[in-house]
Amino acid sequence: MKKQTSQKLSRATTYFLLTVGLIIVALPFWYMLVTSLKPQSYIFEMPPKIWPTEITLNNYLTALRKDSFGLYFMNSLFVAICSTLATIFVSSMLAYAFARLDFPGKEFLFYILLLGMMIPPVMLIIPQFIIAKQLAILDKFIGLIVVYITMNLSGQTFLLRGFFEGIPKEIEEAALIDGASRWKIFWRIIFPLSKPGIAVVTIFTFLYSWDEFPWAHVAMKETTKRTLPIAIALFQSQHLTEWGQVFAASIVSLIPIVVVFIAFQRYFIQGISTTGIKG
Amino acid sequence: MELLLTKFVKILKKSSTALIFLLPGLLLFTVFIIVPMIYSFRISFYDWKIVNPEQSEWIGVENYLRALSDPIFRRAALNTVIYSLVTVPGQMILGLIVAVLLNQNIRGRTFYRIMYYLPVITSWVIVSLLFEYMFSGQAGLVNYFLRDVFHVTSENILWLADPILTFVPIHLLGIWKGIGWTAVIFVAGLQAIPQHLYEAAEVDGAGSKEKFFLITLPLLRPTTVYLLVVLTIGSLNAYISNLLITNGGNPMDLTHFILTLMYEATFTKLDFGYGSAISYLLTMCVFVVSVFQIRMMTKPIEN
């Protein structure tokens, strides 16, 4: 009897604390949404309203059309999709080699690769900038894409190697006896069997490329090829008070990652818990 | 002899298959990670001329000495260390609380999980601007709550104009954004704890407090070490929130982080050698801190 009431009480406390936390987490997002729906003249109203009184989509229309956030959205989408596909391709091949093939220096190479997970990424920005300059890929989408692939390589290869090692060897051995090449085995057998692993890689790489700021900030000065994070940051620094449009663009840029995240969140949580890679 | 030769050809053949699989990845990795690491080490010893690299002048450890004796760098280092000391424990304590709450059999778990994770997946640019707006001096939401709702202050606080107060939104943002990720890692750690330990403790009459401090916390040690290292490295690398909220060290270069200073030195003042030296100093700190933390946190397990 006593135990039951105390259990109920602790249950109530749990929900209470979770909800308080939820409000703290969600309030800034809600305020951003409300601000994006306010007319410009209400942006600095006092007291600030948490519930919108007058709703308008003007900020969205202006941001997308006049301020070319529609274009930046497409740029971001292009860069994120290319980076994601290429990362899946490159890191799954690497992971397969480390999981199944024999070659000299295998362990050494793997450790070198893991080193890539430990280097602070911003430390590499200066020499990457110089190299990208020499390769003439600054101000081009490809300059963003190759660096995004590389920065994701270590983590995703590590993740996929673990995944491939979980696939029973017998499946491949049968195919090898039948004379299939490793290349064929990889694409026809291993790759299709690894959909959950590929899903995790997809989400991580997409999120990373969609949100990435420091590299795009230095490597993309071409106005028409900006991605959303740099476009939003630069817009705010040039139009200090037009918060409605800043947040309209922000909300629009949030839509794809929220959709991707909700759709794949089970894989995602699994991926973080097994590898500890930051989203 | 013939046998040896065929063996050699066999190995080569085997490796050649591997080579095809390895080539694209290793090529990218070499060009954009290995070479940059070595390259930037070299640059840090030069007065590097970005337009005419051939005219760069070897100056030894001058860039490093300059950084270490520069009051702006020292202030930036101090700011970064304080940021670590505040945000790492902040994320870990709150993340653990959220993890313990979420690890129970509650309704709407997926919903809570998604909501707590929302700040993690949102780009730093967006959340930094959002906090800047909420903390703005004149009509900010935070000032409104402090002044008109809770009556803590009678005047607006100018958060963003003060070299100390400006870290309030930066620190809060750092904690707020990281709770979700920390909680997910803690949940994974919690689920790895064998359930029968709790059952045995219950038989022995242990309450939930004893269970938490005698079973949960000690068994979470590997997770805690891992989080401590990763979060500390992350906090030393903090950069975007500071860059956007302080506009690059305002006021009077008092509010830099190490990386915003590195960014300014390199891409605004085009002093690539100095910037590289700063980033190598940071990397060395990161390395020392992680080795130290791993040592410190793994030792007591032996006792």
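Every number here is computed from the coordinates shown, using simple stated rules; none is lab data. These figures come from a predicted structure and were not determined experimentally. Reconstructed Cβ throughout: ideal geometry from the backbone, glycine too, with neighbour counts over all protein chains shown.
Based on the Cβ-Cβ distance from B:LEU65 to A:LEU114, what FRET efficiency comes out when R0 is 51 Å, to the nearest 0.05? Present the calculation step by step, with values, prior to reporting the outcome.
Working: r = 33 Å, r/R0 = 0.65.
About 0.95, to the nearest 0.05.
In order along segment B:129-145, the Karplus-derived 3J(HN,Hα) couplings, from 6.51 cos²θ - 1.76 cosθ + 1.60 at θ = phi - 60°, round to 5, 4, 5, 4, 5, 5, 9, 5, x, 7, 10, x, 4, 5, 4, 4, 5 Hz, and Gly and Pro are given as x.
For chymotrypsin sites (Phe, Trp or Tyr not before Pro), the sites in segment B:128-202 that DSSP calls loop and that have at most 13 other Cβ atoms within 10 Å are B:PHE150. Modelled this way, with points 7 Å down the Cα-to-C-beta line, the labels at B:ARG74 and B:VAL149 are 4.2 nm from one another.
Per residue, what volume in Å³ does the convex hull of the Cα atoms of chain A enclose?
Working: hull volume 56.3 nm³, N = 279.
It is 202 Å³ per residue.
Since only B:TYR274, B:SER290, B:ALA77 are under comparison, the one whose Cα sits farthest along the positive direction of the charge dipole of chain B, derived from C-beta charges on Lys, Arg, Asp and Glu, is B:SER290.
Among the GluC sites (Glu not before Pro) within segment A:5-107, those in coil by DSSP and having at most 13 neighbouring Cβ atoms inside 10 Å are A:GLU45, A:GLU54. Length gained on full extension, B:ALA206 to B:VAL225, computed as 0.36 nm times the residue gap minus the Cα-Cα distance: 4.2 nm. Computed 3J(HN,Hα) for segment A:206-215, one whole-Hz value per residue from the Karplus formula 6.51 cos²θ - 1.76 cosθ + 1.60 where θ = phi - 60°, is 4, 4, 4, 5, 6, 9, 4, 10, x, 5, glycine and proline marked x.
Here the Karplus relation 6.51 cos²θ - 1.76 cosθ + 1.60, evaluated at θ = phi - 60°, turns the backbone of segment B:87-104 into coupling constants of 7, 5, x, x, 5, 6, 5, 5, x, 5, 4, 4, 5, 4, 5, 6, 7, 8 Hz, with x for every Gly and Pro. Exposure proxy shown here: for B:LEU259, A:LEU61, A:LEU85, B:LEU28, the number of other Cβ atoms within 10 Å sets the order, fewest to most, as A:LEU61, A:LEU85, B:LEU28, B:LEU259.
Round to the nearest 10 and give me the degree value, 0 to 90, for the angle of helix A:243-275's Cα axis relative to the longest principal axis of chain A. Approximately 30 degrees, to the nearest 10. Simple spin-label estimate for A:ALA136 and B:ALA192 gives 5.0 nm between the two label positions (7 Å along the Cα-to-Cβ direction from each Cα). Orientation-averaged projection of segment B:84-239 equals 11.5 nm² [convex hull of Cα atoms, one quarter of hull surface area]. Ordering B:LEU160, B:LEU96, B:THR6 by the projection of their Cα atoms onto the charge dipole of chain B, which places +1 on the Cβ of Lys and Arg and -1 on the Cβ of Asp and Glu, puts B:THR6 at the extreme positive end. Could you state the angle between the C-alpha long axis of helix A:69-100 and the longest principal axis of the C-alpha atoms of chain A, as a value from 0 to 90 degrees rounded to the nearest 10? That works out to roughly 30 degrees. Note on segment A:123-261: dipole from Cβ charges, positive end direction compared against A:SER181, A:PRO256, A:PHE141; the farthest Cα belongs to A:PHE141. Residues whose amide H lies under 5 Å from that of B:TYR46, counting only those 5 or more places away or on a different chain, are B:ILE59; hydrogens are built 1.01 Å from N in the peptide plane.
Report the charge-dipole magnitude of chain B in Debye, nearest 20, computed about the Cα centre from +1 at each Lys and Arg Cβ and -1 at each Asp and Glu Cβ.
On the way: 20 positive and 18 negative charges, 201 e Å.
Around 960 debye, computed over chain B.
Residue pairs exceeding 21 angstrom between C-alpha atoms, taken from A:LYS133/B:LYS269; A:LYS38/A:LYS225; A:LYS106/B:LYS7; A:LYS8/B:LYS209: A:LYS38/A:LYS225. Dipole check for the protein assembly as shown: with +1 at the C-beta of Lys and Arg, -1 at the C-beta of Asp and Glu, and the Cα centre as origin, the magnitude is about 1280 Debye. Below 8 Å, C-alpha to C-alpha, sequence gap of six or more: please give me the relative contact order for chain A in percent. It comes to 30 percent, rounded to a whole number.
Label positions at B:GLU199 and A:GLN4, each projected 7 Å from the Cα along the C-beta direction, are separated by 2.4 nm.
Volume of the convex hull of the protein assembly as shown (Cα atoms only), normalised per residue: 210 Å³.
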